[in-house]
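A.B. asks: Please find one structure pasted underneath; my questions will follow.
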Amino acid sequence: MLACAGAALLCVAAGAQQRLAYRAVDNPQFLPAAKVSFLKPQDRVIGVVRGNAVRAYPAAILAQHGVVNDMMPDGPIAITW
């Protein structure tokens, strides 16, 4: 599928089509990469690896929300696009 096949991928339910302001994603939910069907091989993701934690944040979700506030083993991180 993707080069980050072992990564957990951020999955956010589709909301309103038009947004007036960004709304951050807090406490994101992830899916195993093997179970993700909404991404295509050419879709961009921002990947983060910290120790054994591997995450991929799709650019399309970041473009809609502006920022994802997440927790890694060594502390909080903010992912933005």
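The values are calculated or read from the model by the stated rules, or taken from the named source; none is laboratory data. What you see is a predicted model, and the numbers here were worked out from it, not measured in a lab. Here Cβ is always computed from backbone atoms with ideal geometry, including for glycine, and neighbour counts include all displayed protein chains.
A.B. asks: Of all residues in region 38-61, count the ones that are touching a Cys at 6+ places or on another chain (Cβ under 8 Å) and either among the acidic types (Asp, Glu) or in contact (Cβ under 8 Å) with a residue 40 or more places away in the chain (or both).
C.D. replies: The total comes to 4.
A.B. asks: Identify, from the list ILE79, ILE61, the residue that is at pLDDT 90 or above and either under 12 Å from the mean Cα position of the chain (by Cα) or not in a strand (DSSP E or B) (or both).
C.D. replies: So the residue among ILE79, ILE61 that is at pLDDT 90 or above and either under 12 Å from the mean Cα position of the chain (by Cα) or not in a strand (DSSP E or B) (or both) is ILE79.
A.B. asks: Given the options VAL68, VAL36, VAL54, name the one that is within 10 Å of the chain's Cα centre (by Cα) and either at pLDDT 90 or above or among the aliphatic types (A, V, I, L, M) (or both).
C.D. replies: None of the others qualify; the one that does is VAL68.
A.B. asks: Among the residues of region 1-33, how many are touching a Lys or Arg at 6+ places or on another chain (Cβ under 9 Å), at pLDDT 90 or above and in a strand (DSSP E or B)?
C.D. replies: Of the residues in region 1-33, 1 are touching a Lys or Arg at 6+ places or on another chain (Cβ under 9 Å), at pLDDT 90 or above and in a strand (DSSP E or B).
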